[in-house]
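We did not get these values from a lab; they are worked out from the coordinates using the rules stated. This is a predicted model, so every value here is computed, not measured. Counting neighbours? That spans all protein chains shown, and the Cβs are built from the backbone with ideal geometry, glycine included.
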Amino acid sequence: MSEKSVSEETKAIGSEQSFESQALTDHLRELRSCLIKSLLVIILGFVASYAFIKPIGTWFFKPLIEVLPDNSSLIFTSYQEGFFFI
């Protein structure tokens, strides 16, 4: 075995031991930080996609608009219908 593979095995064993020796509160702290980071990324994704809402909506409704009869348009009778178009 080369020195590289030995050091990789040592790192893997060391990380397993540190993982097993963590207290429950440490695991919960790590879980909390991961959940917060995930939530922030999701919020940033929504904010970024909101900047392109018109092009996304145009792209999404294009097949439906192509099959509509001439001189007609989409009509939503309530606020939430715009979100349930599938």
Quiz prompt | For segment 67-76, 3J(HN,Hα) per residue [Karplus equation, 6.51 cos²θ - 1.76 cosθ + 1.60, θ = phi - 60°, Hz, x = Gly/Pro] | solution = 9, 5, x, 4, 6, 10, 8, 7, 10, 10
Self-check item: Likely footprinting exposure, THR77, THR25, fewest C-beta neighbours within 10 Å first
Solution: THR77, THR25
Quiz item: Which ³J(HN,Hα) values in Hz, rounded to whole numbers, follow from the phi angles of segment 21-38 under the Karplus curve 6.51 cos²θ - 1.76 cosθ + 1.60, where θ = phi - 60° and Gly and Pro get x?
Solution: 8, 5, 7, 4, 5, 5, 5, 5, 5, 5, 4, 4, 5, 5, 5, 5, 4, 4
